[in-house]
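Just below is one structure, and these are the notes that go with it.
The values are calculated or read from the model by the stated rules, or taken from the named source; none is laboratory data. Given the structure is predicted, the values throughout are model-derived calculations rather than measurements. Ideal geometry is used to build each Cβ from the backbone, glycine not excepted, and the neighbour counts take in all protein chains shown. We work out accessible area using only protein heavy atoms, side chains counted, and drop any ligands, DNA or RNA first. Shrake-Rupley method; radii C 1.70, N 1.55, O 1.52, S 1.80 Å.
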Amino acid sequence: MLNTENWNDILTQVVVEALEKLAFMFAMREDELSDVPEGLPLTARTSFTGPFSGTLVLSFSTQVLDELTANMLGVDEDETNAEQKADAFREALNVVCGNLLPAIGGETAVFNIRMPEIIRSHKQPAGPPAARAILSIDEGWCDVKLFVEGLQDD
Amino acid sequence: MALNLLIVDDSAVMRAMILKTMRMSGIEPAEVHEAGNGRDGLAVLKDNWIDLVVLDINMPVMNGEEMLDHMQMDAEMKNIPVVVISTEGSQTRIERLQHKGARFIRKPFSAETIRDTVKDMLGELC
């Protein structure tokens, strides 16, 4: 049986570090919030299989993705296009997932991670996530949810 | 000596970021070639003199490990230095790549890590 006790903390730490190293963006954990205070229009997901399987879902507000893309490329925000933003979004999710899974599953565990895809927010898995991190970034938000198959049945 | 670089990653943003970070760390390639998958990467290697390959693992068409295996089987490609820059988190897989002769850097990476790894691999070339 998986011990998920500190997964929220681990997920938060992984996301904070990924944003900082990828894009010099500094995110603050919002412990008081049970949900983001605004609808986040941009969502991406990736699924994985391994010792346990599931889905990681990442949502950003528009200004966060704009800044992420510009910073990753080292250009001004008005120099980026929609394709680059989608690419940066998928890559950020890829980095978070790649760092999260060994942190919760162990360094020797072998996971296969599918290519991230951008989705409409209603296409997220049903049910409560096994872990969640809500972060504020400048004037925007980031919401990351980890869903693990079979966990709710335990 | 001029450094001819090949970056293989399915993300154009990540390829740009790797190049930007290398330049920030003081490495200025003479030629930069890019590919979005391992098959295209091998095509670049066939037609160009490349001093260093920077390689992602999880890519469509042909992944990075498959490309590395193809390079190992080619007399002209097998000695080209390879650094894998990937989100791969399994120590088992990382060690397998290292046994194939590649150095490994996990994403997200710092300019210092790229600089130290590349300079360690190539010495005075850069």
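Would you mind stating whether residue B:17 is within 13 Å of chain A (Cβ to nearest Cβ) and free of Cβ contacts under 8 Å to residues at least 40 places away in the same chain? Answer is yes for this residue. Selection of segment A:10-49 for residues being at pLDDT 95 or above and over 26 Å from residue A:74 (Cβ atoms) yields A:10, A:11, A:12, A:45, A:47, A:48, A:49. Summed over segment A:99-151, the residues that are open to solvent by less than 30 Å² (accessible area, probe 1.4 Å) and away from chain B (no Cβ under 14 Å) give a count of 15. Residue B:28 satisfies every condition listed in (1) away from chain A (no Cβ under 14 Å); (2) in contact with a Gly (Cβ under 8 Å, 6 or more places away or on another chain) except (2). All of (1) touching a residue at least 12 places away in the same chain (Cβ under 8 Å); (2) open to solvent by 20 Å² or more (accessible area, probe 1.4 Å); (3) within 13 Å of another protein chain (Cβ to nearest Cβ) hold for residue A:95 with one exception: (2).
Within segment A:33-83, the residues that satisfy the criterion of being within 14 Å of chain B (Cβ to nearest Cβ), aliphatic (A, V, I, L, M) and either open to solvent by 20 Å² or more (accessible area, probe 1.4 Å) or touching a residue at least 60 places away in the same chain (Cβ under 8 Å) (or both) are A:44, A:56, A:58, A:73, A:75, A:82.
Restricting the first member to segment B:69-97 and to residues that are over 20 Å from residue B:10 (Cβ atoms), and the second to residues that are polar (S, T, N, Q) and part of a helix (DSSP H, G or I), the beta-carbon pairs closer than 7 Å and six or more apart or on different chains are B:78/B:72. Taken together, the residues in segment A:7-32 that are open to solvent by less than 40 Å² (accessible area, probe 1.4 Å) and either aromatic (Phe, Trp, Tyr) or touching a His at 6+ places or on another chain (Cβ under 9 Å) (or both) amount to 1. Of the listed requirements (1) within 14 Å of chain A (Cβ to nearest Cβ); (2) among the basic types (Lys, Arg); (3) surrounded by 16 or more Cβ atoms within 10 Å (Cβ to Cβ), residue B:23 misses just one: (3).
The set of residues in segment B:1-16 being touching a helix residue (DSSP H, G or I) at 6+ places or on another chain (Cβ under 7 Å) and at pLDDT 95 or above consists of B:6, B:7, B:8, B:9, B:11, B:12, B:13, B:14, B:16. If I go through segment A:3-52 residue by residue, how many of them are within 16 Å of residue A:147 (Cβ to Cβ) and in contact with a strand residue (DSSP E or B) (Cβ under 7 Å, 6 or more places away or on another chain)? Total meeting the criteria: 14. Tallying residues that are within 13 Å of the chain's Cα centre (by Cα) and either of a type in the set (S, T, N, Q) or over 19 Å from residue A:139 (Cα atoms) (or both) within segment A:8-53 yields 11.
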